[in-house]
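What follows is a single structure, written as structure tokens, with notes after it.
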Amino acid sequence: MGAGRLRLTRYTACRDGQERLTRGLDRLPLPGSNGHAGAKTTERLLPFPEPAAPTPAGVLPAEPPAQRSVLLLQGLMGPLFRRLGQGLIQAGHRVHKVNFNGGDRAFWRLPGGIEYRGSLEEWPDALDAMLVEHGITDVVLFGDCRDHHLAAKPVIRARGIPVHVFEEGYIRPDWVTLEQGGVNGHSLLPRDPQWYLDTAATLPPVPEHRQVPSSFRRRALEGLLYNSADVFTRWHYPHWNNHRPWHPLVEGMGWARKLRRRKQREADAAELMARLSAAPGSYFLFPLQLDSDAQIRLHSPFAGILPALQLIIASFAAHAPVDTRLVVKEHPLDNGVRDWRQETADMAARYGVADRVDYLGWGDIVPVARDSRGMVTVNSTSGTLGLAVGIPVIALGHAVYDIAGITCQDGLDAFWTNPTPPDPATFAAFRRVLIDRCLIPGGFFSEEALDKVVRHAIARFEGRSIAPE
């Protein structure tokens, strides 16, 4: 876009520190009934200079500026981005946060909020105006496959601004992914095993760090509060559409059904886990991913988890030794909208292996994985858990850990009869490089975990290195 090009953008700076971004030439103020009566309105003509040269992906500036201007897009449901914003402000940086819905706004509650109420089609131009208006030097977001984030990345890249992407940790627990450029299928990390061996050889050993507490109850409560704020403010965000395929009320009903059956699910799971523990090496494990997971829809050959389940059971029926079993493990955050236990039973019956396929609806995956003959996954981070305990793993989609010498490369049909465990040296090198390049210690669902994530994230932004503690 040429330097002489002008665009007209109107902001309304509100008393609570929020900025309401509106598009077009409409000069009418927002209705006073929104709680911001008397807001001051200004109009600015924004020149658009030629884009700067992009920062190389995965490389932090050697001498970061003393002050950064950080734009936060959508975060995890909960206080992560509020806590990060507070930490960045205390460190002397300028921070703005785009709120796309009432849940975003409810968990922000800091100055520098920008209310985006426009459509997805208008979003790239609106974002470009924000980048220029606020002199943004860094953009931070959680998950790079949400619709607004997918649309944002080309705009940010054209401006030469680095994008820092948070995600659940490639290695869990006690680690969080913070990678520049993209995560999972969008990661720019190479797939050459020798590169990891050579790079890891130049790095010091990883210091031991403490485990951090994590509360499922807290995660559920924060999700409930976020979704409630979203549902009751949809009128205020007329173009907002959740990146998840179900309305929050539908998900809520699914969780209610799941909770009602909790005691029976736990009893059934305990009985199955006892049988599995008594026969280690007699079964393969397939951990389900969420049907809404963008890693399934965008970074695999499957449109959802059901086609993956069908392929795996069909291949197991045709090629696995007759004395082996397949255990399908429910995702702990599955919302219960779809009955995966019944789907699994129906699929197993269709392929004639109903007596060899089990469904595990609850329980710790670690001992189940450790005692298995191997793990089949699409691209779940459960794969790194399996690799860490030394079992064979095959990935059917694009996964950052799907590397020769680490995962099986001969195809699913061959995996059942020839599951090859990971090479310990290659996996250790891969893990060491991940920690150096794109993992920080901590978590999202306790105060201690959040404190650790914020401290290490800010150090990464500022080009400093602090050892895990």
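Would you say Val206 is in contact (Cβ under 8 Å) with a residue 60 or more places away in the chain, over 24 Å from Ser292 (Cβ atoms) and out of contact with any Ser or Thr (no Cβ under 8 Å at 6 or more places or on another chain)? Walk me through how you get there before you give the answer.
Details: in contact (Cβ under 8 Å) with a residue 60 or more places away in the chain: yes; over 24 Å from Ser292 (Cβ atoms): yes; out of contact with any Ser or Thr (no Cβ under 8 Å at 6 or more places or on another chain): yes.
When the stated conditions are applied, Val206 passes them.
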The residue that is surrounded by the most Cβ atoms within 10 Å (Cβ to Cβ), considering only those in segment 64-114 that are closer than 19 Å to Val163 by Cβ and of a type in the set (Lys, Arg), is Lys97
Confirm whether Gly252 is touching a residue at least 12 places away in the same chain (Cβ under 8 Å) and on the phi > 0 side of the Ramachandran plot.
no
Where Asn379 falls short, out of the listed (1) surrounded by 21 or more Cβ atoms within 10 Å (Cβ to Cβ); (2) in a helix (DSSP H, G or I):
(2)
Matching option when the condition is over 16 Å from the mean Cα position of the chain (by Cα), not small (Gly, Ala, Ser) and not in a strand (DSSP E or B), among Arg210, Arg172, Arg219:
Arg210
Odd one out for Ala220 among (1) free of Cβ contacts under 8 Å to residues at least 40 places away in the same chain; (2) in the same structural domain as Gly411 (by TED's automatic domain parsing):
(2)
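Inspect all residues belonging to segment 98-111 and state whether any of them is assigned to a strand (DSSP E or B), under 30 Å from Leu225 (Cβ atoms) and either outside the structural domain of Ser292 (by TED's automatic domain parsing) or free of Cβ contacts under 8 Å to residues at least 60 places away in the same chain (or both). Show your work before the answer.
Step one: of segment 98-111, the residues assigned to a strand (DSSP E or B) are 98-99.
If we keep only those that are under 30 Å from Leu225 (Cβ atoms) too, we end up with 98-99.
Checking the rest, the ones that are also either outside the structural domain of Ser292 (by TED's automatic domain parsing) or free of Cβ contacts under 8 Å to residues at least 60 places away in the same chain (or both) come to 98-99.
Within segment 98-111, one or more residues are assigned to a strand (DSSP E or B), under 30 Å from Leu225 (Cβ atoms) and either outside the structural domain of Ser292 (by TED's automatic domain parsing) or free of Cβ contacts under 8 Å to residues at least 60 places away in the same chain (or both).
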Within segment 346-369, the count of residues that are surrounded by fewer than 16 Cβ atoms within 10 Å (Cβ to Cβ), free of Cβ contacts under 8 Å to residues at least 60 places away in the same chain and not in a loop (DSSP other than H, G, I, E, B) comes to 4
I'd like to check something: does segment 121-131 contain any residue that is surrounded by fewer than 20 Cβ atoms within 10 Å (Cβ to Cβ), in contact (Cβ under 8 Å) with a residue 40 or more places away in the chain and under 24 Å from Gly185 (Cα atoms)?
no
Residues located in segment 383-422, provided they are charged (D, E, K, R) and crowded, with 16+ Cβ neighbours inside 10 Å
Asp402
Out of everything in segment 408-460 that is in the same structural domain as His164 (by TED's automatic domain parsing) and assigned to a loop (DSSP other than H, G, I, E, B), what residue ends up being farthest from Asn184 (Cα to Cα)?
Ser446
Quick one: Leu288 ticks every box in (1) crowded, with 18+ Cβ neighbours inside 10 Å; (2) farther than 21 Å from Arg146 by Cα except a single one, so which number is it?
(2)
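The values are calculated or read from the model by the stated rules, or taken from the named source; none is laboratory data. In this text the structure is predicted, and so the values were computed from the model without any measurement. As a convention, Cβ positions derive from the backbone with ideal geometry for all residues, glycine included, and neighbour counts pool all protein chains shown.
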